[in-house]
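S.K.: After the structure tokens below, expect a handful of questions from me.
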Amino acid sequence: MTATICGTGSYIPSYTMDNHDIARMVETSDEWIRERTGVVRRHIIREETTVSMAAKAARRALENADVLPEELDLILVSTISSNVILPCAACEVQREINAVNATCFDLSAACTGFVLAYNTALAYLAGGIYRTALVIGSESLSNLTNWKDRGTCILFGDGAGAAVLRADGGPETAAEDSGLEAGYYFPVTHSDGSKGSALTCKSRHDFNGLTDADRQGCPENMTDESHYMQMDGQAVFKFAVKRVPEVIEEVLALNRISTDEISYYILHQANKRIVEAVAKRLGEPIEKFPMNLQEYGNTSSASIPILLDEMNREARFAAGQKLVLAGFGAGLTWGASIVEWHR
Ligand code: ACO
């Protein structure tokens, strides 16, 4: 048994900050940011939260898929920036959309998070355990951004994207069939915790090493900058341009698919130069690598589903087309999955 994406949705906060706004906060310029990253503006939460954006993206995806909330068996939220720890964001989304039959949990793997959440849902569906799943990437990275650090604050933005997955074939098929059928593609994923220091952010609930004054104060009073995202930009850049083409080649070889068969590479939207370098190393035309990072910046696990939703709504996909989803980021983590479009 396999599963296909039958609907997508997204939510983007309306408030924007362009590069000129950032240049009023730190020593940088619109020209520098565009040239080094491709980012022009980013959308930032005001009233929204990670959960409220996730729920809005979820509603839109369900509507697009023509699936009722009660049909959902699984809700998975990928996030590193949830406004809630308990209950998990996925349970909060369940409550908001009234998906009474769903099992819900969150997954945290930074910018590879959506690919890993998609793979997790697919495994449940392909294994015949669930029939219908909602996979969401939602991030409020502005809450984790040190707005005094020009090395990172230029990069990130907020938003949410979602996809509904439905199992193909009935439960009878799963019982008869012990194996995985045509249309199922094996993902490839990797992690290297030994390189984790390249991109870090301490939990605001980690009081280890704080002074007594800090412990008595609320987290907002803490001055420790390790509670914001800290990044060795060059190390992350080098990691991405090496590992992303490698993992894409690996997933294509594993599934015996050639680059000619791939219509689009939907990469995590971190940096225009990373996307261009990946296209070059794969020897593929840049037109196969859609980008929207100029508008949203890096939205971590939300970037892939936001791009998927935009392309779906612009009718840029056709039934039978194959896409590669590729994520990479903190951990370090990276991975790629092949999606066959069936809508
Ligand atoms: N404006 C102006 N100058 C700057 C800025 C800025 N915003 N930031 C750094 N500089 C300066 C530096 O201080 C340095 O000056 P110096 O030469 O006088 O020392 C110079 O610019 C070059 O700095 P680098 O860090 O070498 O700049 P680089 O070309 O590497 O660009 C960047 C920095 C954009 C962060 C790049 O390294 C990058 O994109 N890395 C990948 C980051 C990324 O994608 N992270 C996210 C992936 S994982 C995830 O999504 C969570």
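The values are calculated or read from the model by the stated rules, or taken from the named source; none is laboratory data. Just so we're clear, the structure is a prediction, and the values are computed from it rather than from any experiment. Cβ: placed from backbone, ideal geometry, glycine included. Neighbour counts: every protein chain shown. The accessibility values were calculated without ligands, DNA or RNA, using every heavy atom of the protein model including side chains. Shrake-Rupley method; radii C 1.70, N 1.55, O 1.52, S 1.80 Å.
S.K.: Quickly rank 308-317, 27-36, 118-127, 103-112 as a protection proxy: mean count of other C-beta atoms within 10 Å, highest first.
M.R.: So the order, starting with the most tightly packed, is 103-112, 118-127, 308-317, 27-36.
S.K.: Keeping all protein chains in the complex and leaving out DNA, RNA and ligands, what accessible area do you get for VAL84 with a 1.4 Å probe, in Å² to the nearest 10?
M.R.: Per-residue accessible area (VAL84): approximately 30 Å².
S.K.: Taking the Cα centroid of region 4-35 and of region 262-336, what is the distance between the two, rounded to the nearest whole Å?
M.R.: First find each Cα centre; the distance between them is then 16 Å.
S.K.: Using only Cα atoms, what Kirkwood radius does region 1-67 have, in angstroms?
M.R.: Working: mean 1/r = 0.0694 Å⁻¹.
Final number for the Kirkwood radius of region 1-67 is 14.4 Å.
S.K.: Let me ask you something else. Rounded, prolate or oblate: which fits region 1-113 when a ≥ b ≥ c are the square roots of the eigenvalues of the alpha-carbon gyration tensor, with rounded for a/c under 1.5 and prolate only if a/b beats b/c?
M.R.: Since a/c reaches 1.5 and a/b is larger than b/c, the shape of region 1-113 is classed as prolate.
S.K.: So which of LYS195/LYS272; LYS242/LYS322; LYS242/LYS272; LYS56/LYS238; LYS195/LYS322 end up more than 27 Å apart, counting from Cα to Cα?
M.R.: Listed pairs above 27 Å: LYS56/LYS238; LYS195/LYS322.
S.K.: Still on this structure: Using DSSP, restrict attention to beta bridges with both residues in the chain and report what percent are antiparallel, rounded to the nearest 5.
M.R.: Values: 35 of 51 bridges.
Given both bridge residues lie in the chain, the antiparallel proportion sits at roughly 70 percent.
S.K.: Considering only protein heavy atoms, what per residue accessible area in square angstrom results for the chain with a 1.4 angstrom probe? The partial results should precede the final answer.
M.R.: Numbers: 14800 Å² over 343 residues.
Ligands and nucleic acids excluded, the result is 43 Å² per residue.
S.K.: Accessible area of GLU225, 1.4 Å probe, to the nearest 10 Å²?
M.R.: Estimated to the nearest 10 Å², GLU225 gives 100 Å².
S.K.: Treating the Cα atoms of region 276-319 as identical point scatterers in vacuum, please give the log10 of the normalised Debye intensity I(q)/I(0) at q = 0.25, 0.26 Å⁻¹, two decimals.
M.R.: -1.00, -1.03
S.K.: Over all directions, average the projected area of the Cα convex hull of region 100-173 and note it in nm².
M.R.: Projected over every direction and averaged, the Cα hull of region 100-173 covers 6.0 nm².
S.K.: ³J(HN,Hα) across region 272-282 via Karplus (A = 6.51, B = -1.76, C = 1.60, θ = phi - 60°), whole Hz, x for Gly/Pro?
M.R.: Listing the rounded values in order: 4, 5, 5, 4, 5, 5, 5, 4, 5, 5, 7 Hz.
S.K.: Just the number, please: carbon plus sulfur as a percent of the accessible area of the chain, 1.4 Å probe, no ligands or DNA/RNA counted.
M.R.: Summing carbon and sulfur atoms, their accessible area is 48 percent of the total for the chain.
S.K.: Next question, about the same structure. Measure of size requested: the Rg and Dmax of the chain, with Cα atoms as the atom set and Å as the unit; please supply both.
M.R.: 19.7, 64
S.K.: What is the dipole size for the chain, taken about its Cα centre, with +1 at each Lys and Arg Cβ and -1 at each Asp and Glu Cβ, in debye to the nearest 20?
M.R.: 640 debye
S.K.: Which number comes out as Rg/Rh for region 226-343 once both Rg and the Kirkwood Rh are worked out on C-alpha atoms?
M.R.: 0.96
S.K.: What dipole magnitude, in Debye to the nearest 20, does region 222-343 give about its Cα centre under +1 on Lys/Arg Cβ and -1 on Asp/Glu Cβ?
M.R.: 240 debye
S.K.: Less than 13 Å apart at the alpha-carbon level, and either on another chain or at least 8 residues along: which aspartates and glutamates does that give for LYS202?
M.R.: Output for LYS202: ASP224, GLU225.
S.K.: Taking only the alpha carbons of region 48-131, what extent do you get along each of the three principal axes, in Å, biggest first?
M.R.: 31, 25, 23
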